[in-house]
Amino acid sequence: MTGKGSAAEPGKSVKEAANRPASTLTAEQVADYLSAHPDFLVAHPELIDILTPPSRTSGEAVVDMQHFMLERLRSENQRLKDSHAGLIATARGNQTTQNRIHAAVLRIVAATSFDNLIQTVTIDLPVMLGIDVVTICIEAGDVPIPKAYASGVRSIPAGTIDRKLGAGKDVLLAANVDGDEEIFGSASGLVSSMALARIQVSPHSPMGLMAFGTRDSEAYHHGQATELLSFLARTTELTIRQWLNLPG
């Protein structure tokens, strides 16, 4: 039963609000705040993941809310699919490169003579690695290169390798380049990206360089892993040392 004392007193709601803890918010206050800040979810999209939309549309605003959340979920799903596809493509590419390098290393160590080794590196490796040219450069100055090796072994002036790679550096990858004739000779016109690896056959022999070139302008690029390339260069270096019977 209601009486006179049950009637709402003037200012009662204000007193109740004043007596509530400062951290307590009502649904009305939240709604008022969101009404005054219509771009709140744009500024805080992470909240979409924990909000539950109405199961039925009760007006245009609800339809828009559901559309916003749906588009966000679609966008996130597509991003995850693209990322997953990219990871798979990268993994497959890395596996292909690794298989090619391993096959090239086996071919190098299986060389039956020094001549066969040079032929393997400069003629067989481009085909096996799917590139256009591989050369070996030696800082031999004016010392002539035997005609048998002329197509793949080049003599360069002392200091050239430090100038190309940078002092103290062993590997250089470069994309979108013009082929270096000093390194690639007549095949330089085919080269749009290259990988250069220092080789030191012996402390008593001239500095050397193993150069890989391809017409694919992005095949070799800065930031790409160089472990497999270095492994191939070190294998070539050690095999040359053994065939020439040079001290390590």
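A short reminder: the numbers here are calculations on the coordinates, not readings from a lab. Treat the numbers as computed from the prediction; the structure is a model and nothing was measured.
Counting pairs of alpha carbon atoms under 8 Å apart in space and at least six apart in sequence, what relative contact order in percent does region 154-248 give?
That works out to 27 percent.
Once you treat every alpha carbon in region 143-248 as an equal point and sum by Debye, what is log10 I(q)/I(0) at q = 0.19, 0.21, 0.22, 0.23 Å⁻¹?
Log10 I(q)/I(0), no solvent term: -1.06, -1.26, -1.36, -1.44.
In Å, what Kirkwood hydrodynamic radius results for region 168-214 from the alpha-carbon pair distances?
11.3 Å
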